[in-house]
1. Hey, what number do you get for the chain at 222 nm if only DSSP H runs of n ≥ 4 count, each worth -39500 (n - 2.57), divided across all residues, to the nearest 500?
2. Simple spin-label model, 7 Å along Cα-to-Cβ: THR340 to ASP156 in nm?
3. How many percent of all Cα-Cα pairs in the range 65-193 sit more than 20 Å apart?
4. DSSP loop (so not H, G, I, E, B), at most 16 other Cβ within 10 Å: list which GluC sites (Glu not before Pro) in the range 1-46 pass both filters.
5. Mind giving me the FRET efficiency for ASP68 and ASP31? R0 is 22 Å, r the Cβ-Cβ distance, nearest 0.05 is fine.
6. Gain in length, GLN77 to LYS172, computed as 0.36 nm per residue apart minus the alpha-carbon separation, to one decimal in nm?
7. Could you work out the relative contact order of the range 4-231, using alpha carbon pairs under 8 angstrom and six or more residues apart, expressed as a whole percent?
8. Could you work out how far apart the two model spin labels at ARG134 and SER116 are, taking each label as a point 7 Å from the Cα in the direction of the beta carbon, and quote it in nm?
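Please treat every number below as a calculation from the coordinates, not as lab data. This structure is a prediction, so every number in the text was calculated from the model and none was measured. Positions of Cβ are generated from backbone atoms using ideal geometry, with glycine treated the same way; all protein chains shown enter the neighbour counts.
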Amino acid sequence: MATLELDSVTKTFQDGDEEIVAVDDISMSIDDGEFLVVVGPSGCGKSTTLRMIAGLETITSGTIALGDRVINDVKSQDRDIAMVFQSYALYPHMSVKQNMSFGLEESTDLPDDEISRMVTETGELLDIGELLGRKPKDLSGGQQQRVALGRAIVRDPEVFLMDEPLSNLDAKLRAEMRTELQRLQNDLGVTTVYVTHDQTEAMTMGDRIAILDGGELQQIAEPLKCYHEPANQFVASFLGEPSMNFFDVTRDGDRLVGDVFEYPVGDDVRANLGETTDLVLGIRPEAIELVEGESDAHEFEMTVDVVEPMGDENTVYLHFDPDADPESAETLVATIDGFTRVSEGDTVTARIPEDAIHLFDRVTGEALH
Ligand code: ATP
């Protein structure tokens, strides 16, 4: 079993007098055969986490275990883990075949013809069978990427670690490789930890995603769970494009009072808020509806500032108070059907459905509802 377990893993770097906590007390358990995507903004500790699992970075405290074996002090080459880097890291003077066989020749006693058979098989699996005689410089970016993957796959490791492996490819190729990588991982059933800052990759590729910020684990769960039930305001804002709308509100009885609007909430919502009064109300752009008239307390008259037509949908930027200067007014982003015609300057009614709102503690950011 290749379960991978991180228990209270911390990594600090010393930068002169300053101590940088790159990874802060992270615990997570990755199942055998699982595809875990680690995602977060630049500097959140993704690569450091991966490098500690790979044995390329020492662990300041905590343990990392592969199956029953704690691997903190096991050398990188003895961990049965293969890593694919963003830069591919191919040896330029070696052919594709040599690049793929080199690791096996170094770390195993397998006979040459067996290694050759394994490389050929992996080459075919990745559709690079024709390229085995070429040098990396004679390959396209996408082909180099496949060779880097092939080099990892041919070793038949217990764990794959991938650090932004698709980020050097153009958008179309990246989308193709996303699907192909998922298929491969699924067929091979190898436990995989995949680092990216790209939320599309996170949402579409992983069985689960682990979202990091400031070295801390914010949430680890299935992608849709993180999207629909974010653990805190950071996760809510990180996932989704355009981002969730947020408004500071203060609870007053059964109303949430914002700067420019009031929003009544029912018993179900209130029950989740406890005694907390300082809140942030969140609503996803796609949850907002444009309706006719203004008939209930969850509907607001607004002015359209900008419309961005995207074809199948429009992104509409609105502000609440129709008389207010848009520069100073509270604004809202809505994603609506592409056939709905709205123009700059229109007055519209936007509905914020109560069953779609999120509420966060304004001090801790924790999701309450
Ligand atoms: P990116 O997406 O930009 O690659 P990341 O999420 O992978 O970022 P890390 O590379 O893990 O982030 O870095 C986490 C933090 O640790 C950053 O603040 C970084 O500057 C710091 N850091 C990483 N390596 C070192 C080092 N060798 N010495 C000092 N600080 C480091």
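1. Calculated at 222 nm, the ellipticity per residue is -7000 deg cm²/dmol.
2. 5.6
3. Numbers: 3629 of 8256 pairs.
Here the long-distance tail beyond 20 Å is 44 percent of all Cα pairs in the range 65-193.
4. Working: sites: GLU5, GLU18, GLU19, GLU34; in loops: GLU34.
Passing sites in the range 1-46 do not exist.
5. Working: r = 15 Å, r/R0 = 0.67.
Computed FRET efficiency for ASP68 and ASP31: 0.90.
6. Working: separation 95, 0.36 × 95 = 34.20 nm, distance 3.44 nm.
Once the chain is fully extended between GLN77 and LYS172, it gains 30.8 nm.
7. Details: 415 pairs, mean separation 67.0, N = 228.
29 percent.
8. Placing both labels 7 Å along Cα→Cβ, they lie 2.2 nm apart.
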